[in-house]
Amino acid sequence: MVGKKVIAIGLDGAEPALIKKWSHQGLLPNLAKLQQKGVLRTLQSTVDLANGTTWTSINSGVTPAEHGMVYYHRQLKSGTYEIRTKKYHENACEPFWAHLSREGKRVAIFDVPTSTAQKELNGIQILSWGTTGEDGKEPYGIPNVPPEVYEKFGRHPFEHWQPMKLKTRKMLEKFSKGLVTGVQQRTKIAKWLQEKEDWDLFYMVFTETHWAGHAFWHLMDEEMPTHNKTIAKEYGDVILMVYREVDKALGELLNDVGDKAVFIFSNTGMGPNYSARHLLPGVLARLGMDGAPWEKSKMRYFARQFENWLRSRSVKWTKLWLPNTWWEPRQDLLENFRHKWKECSVFSVPNDHTGAIRVNLRDREPLGFVEPGDAYDALCTELTSKLLQLVNSDTGHKAVQKVIRVRDIYKGECMNDLPDLIVKWRNDAPVFSLTSPAIGKVSGTLRDPRSGTHRKNAYYLGFGEGIKQRTDDEITLLDIAPTILSILGSPIPEGYAGKIQAEFTV
């Protein structure tokens, strides 16, 4: 298929198990048909490190250790103890379509998350028409929307949406209708783009699947303690409703693809949010690794709890009406207030679902004192052992599935931007307290308005003329960029971490 044109459609945060289940039940008829003639495989994500790594890794073709984007909403600035919002224009790695553009390929890019506008692009780019991020004014990067798009199709219903708990029926109704409207408007823009030109690469992303999973998972999942049967009768099918609207859109957008290669994929899966990251700072304090007894460190962690409470209520409006130059230093002050960096051998850094731990390493941190080499390895080994002993008090089960030593997985120029250890929670039940012989008991409530959160297994479907049928092995999201470049006859840039998938090489 080398030299053919490509259509790539992302389904942000779409759960593969739901797609397969609903396709089998006939609820997603277009995806069901496409799966019958294509290659359906499990796509492994980088989400264990942080969800902020995923789209940047897909788009750049390199690992987080090369592009340095982790939990960008509140990410530690390497070489400092500053927690800040990391902007996507700070990522020096080019998206794969920039290489295609320079080679004369015509490209159309529509709302691909974490993207920044490319100068002199050979084609069209619409960025942040309807994507989200912690920064309400610059979701997933600086907006780049041609005025005619707003004139023809209007604005997305949730242009400046922030994660929040939907408490009232009025909020639920507005949000559920807005998601469907957003998919419909997005589809109209995508069809308009397709009609403008027969692009070498047409690449777009539906973000509504992401928002629906975060906001409505507890109403779909009867096993979650926050499931409300009464409200679920009215809004428990919102995720399905959004997926069905996307399925309808795929039928329209892929009605006549000819001999093009087509990719449909998600960056992560989605499941119930049973993270215990809110308890990690207390665990480290009880272990004595932050340099202060637990009784003396409570106030530091209160600041983080207060910020989480504030975020779901007034942060949205604060960010919309006040400039980032006002908000970000105050957010950083809250983050940094809870630390006594000089005393910490390790400390917890912000993350979305998994726990993220940084070692106070000499010659990397300003006041680092843990020696590289044997001392670093011994500390990581000791901490890993104690974390694996943590038990969810309510279930009696182990709370930690595994502890990932990041340096064993990733290598690259931005390695120092990454945490040292990732704590992957078992995620089988809510966690209100953790116990172990080493820490006693640490308790607290997760202040996260999202009932659904990201999972490592993502969705992947590829199809096209002459494609080979293969469903038996996994691929990674790093394989997407080199495979698309290969189909379009473009050289793979040095440093790309993924592989060209064989089903598209015939």
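The values are calculated or read from the model by the stated rules, or taken from the named source; none is laboratory data. Quantities reported herein were computed from a predicted structural model and do not represent experimental measurements. Cβ coordinates were reconstructed from backbone atoms using ideal geometry, including for glycine residues, and neighbour counts include every protein chain displayed. Protein only, heavy atoms only, side chains kept; ligands, DNA and RNA dropped before computing areas. Shrake-Rupley method; radii C 1.70, N 1.55, O 1.52, S 1.80 Å.
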- Message: With the condition being touching a strand residue (DSSP E or B) at 6+ places or on another chain (Cβ under 6 Å), I'd like the helices (runs of 4 or more DSSP H) fully within the range 44-117 carrying at least 2 qualifying residues.
- Response: 96-102
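So, of the residues in the range 6-43 that are in a loop (DSSP other than H, G, I, E, B) and touching a strand residue (DSSP E or B) at 6+ places or on another chain (Cβ under 7 Å), which turns out to be nearest to Glu94 (Cα to Cα)?
So the first thing to find is which residues in the range 6-43 are in a loop (DSSP other than H, G, I, E, B), and the list is 12-15, 25-28, 38.
Narrowing further to those that are touching a strand residue (DSSP E or B) at 6+ places or on another chain (Cβ under 7 Å): 12-15, 38.
Values: Asp12: 21, Gly13: 23, Ala14: 25, Glu15: 28, Gly38: 29 Å.
Here the residue is Asp12.
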- Message: Pull out all pairs, ordered by first then second residue, where Cβ-Cβ is under 8 Å, the residues are six or more apart or on different chains, the first lies in the range 411-430 and is within 22 Å of Met224 (Cα to Cα), and the second is of a type in the set (D, E, K, R) and outside any helix (DSSP H, G or I).
- Response: Lys424/Asp48; Lys424/Lys402; Arg426/Lys398; Ala429/Asp394; Pro430/Asp394
- Message: Please pick out the residue among Lys411, Lys424 that is among the charged types (D, E, K, R), part of a strand (DSSP E or B), out of contact with any Leu (no Cβ under 6 Å at 6 or more places or on another chain) and open to solvent by 20 Å² or more (accessible area, probe 1.4 Å).
- Response: Lys424
- Residues within the range 352-368 that are modelled with pLDDT under 90 and surrounded by 17 or more Cβ atoms within 10 Å (Cβ to Cβ), tallied: 1
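Answer yes if at least one residue in the range 244-258 is over 27 Å from Tyr460 (Cβ atoms), open to solvent by less than 50 Å² (accessible area, probe 1.4 Å) and either modelled with pLDDT under 95 or in contact with a Ser or Thr (Cβ under 7 Å, 6 or more places away or on another chain) (or both), and no otherwise. Step through it out loud before you land on a result.
Initially, the range 244-258 is screened for residues over 27 Å from Tyr460 (Cβ atoms), giving none.
Looking through the range 244-258, none of the residues is over 27 Å from Tyr460 (Cβ atoms), open to solvent by less than 50 Å² (accessible area, probe 1.4 Å) and either modelled with pLDDT under 95 or in contact with a Ser or Thr (Cβ under 7 Å, 6 or more places away or on another chain) (or both).
So for the range 260-271 (the condition being open to solvent by 10 Å² or more (accessible area, probe 1.4 Å), among the β-branched types (Val, Ile, Thr), in a loop (DSSP other than H, G, I, E, B) and in contact (Cβ under 8 Å) with a residue 40 or more places away in the chain), does at least one residue qualify? Write out each step before concluding.
To start, the set of residues in the range 260-271 that are open to solvent by 10 Å² or more (accessible area, probe 1.4 Å) comprises 260.
Still in the running and among the β-branched types (Val, Ile, Thr): none.
Within the range 260-271, not a single residue is open to solvent by 10 Å² or more (accessible area, probe 1.4 Å), among the β-branched types (Val, Ile, Thr), in a loop (DSSP other than H, G, I, E, B) and in contact (Cβ under 8 Å) with a residue 40 or more places away in the chain.
Quick test for you: out of Trp199, Trp211, pick the one residue that is at pLDDT 90 or above and assigned to a helix (DSSP H, G or I).
On the way: Trp199 fails: assigned to a helix (DSSP H, G or I).
Sole residue among the options that is at pLDDT 90 or above and assigned to a helix (DSSP H, G or I): Trp211.
How many residues are part of a loop (DSSP other than H, G, I, E, B) and crowded, with 18+ Cβ neighbours inside 10 Å if we restrict to the range 369-403? Before you say what the answer is, go through the steps one by one.
Going residue by residue through the range 369-403, those that are part of a loop (DSSP other than H, G, I, E, B) are 369, 371-373, 388-390, 393-397, 399.
Now restrict to residues that are crowded, with 18+ Cβ neighbours inside 10 Å: 390, 399.
Summing the residues that are part of a loop (DSSP other than H, G, I, E, B) and crowded, with 18+ Cβ neighbours inside 10 Å in the range 369-403 gives 2.
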- Task: Return yes or no: is Lys5 farther than 19 Å from Thr483 by Cα and either open to solvent by 20 Å² or more (accessible area, probe 1.4 Å) or not basic (Lys, Arg) (or both)?
- Result: no
- Mind checking which pairs have a first residue in the range 376-397 that is within 12 Å of Leu421 (Cα to Cα) and a second that is open to solvent by less than 60 Å² (accessible area, probe 1.4 Å) and among the basic types (Lys, Arg), Cβ under 8 Å, 6 or more apart or different chains? Cys380/Arg405; Thr384/Arg405
- Lone qualifier among Ser45, Ser23 - being closer than 21 Å to Trp97 by Cα and of a type outside the set (A, V, I, L, M): Ser45
- Matching residues in the range 19-34 - criterion: being buried (at least 17 other Cβ atoms within 10 Å of the Cβ), closer than 14 Å to Ile264 by Cβ and at pLDDT 95 or above: Ile19, Ser23, Leu28, Asn30, Leu31, Ala32
- Residue count, the range 67-88, condition on the phi < 0 side of the Ramachandran plot and of a type in the set (Gly, Ala, Ser), comes to 1
- Message: Residue pairs, Cβ under 6 Å, 6 or more apart or interchain, first in the range 49-74 and within 11 Å of Tyr88 (Cα to Cα), second outside any loop (DSSP other than H, G, I, E, B) and open to solvent by 10 Å² or more (accessible area, probe 1.4 Å). List them.
- Response: Gly52/Tyr72; Gly68/Asp417
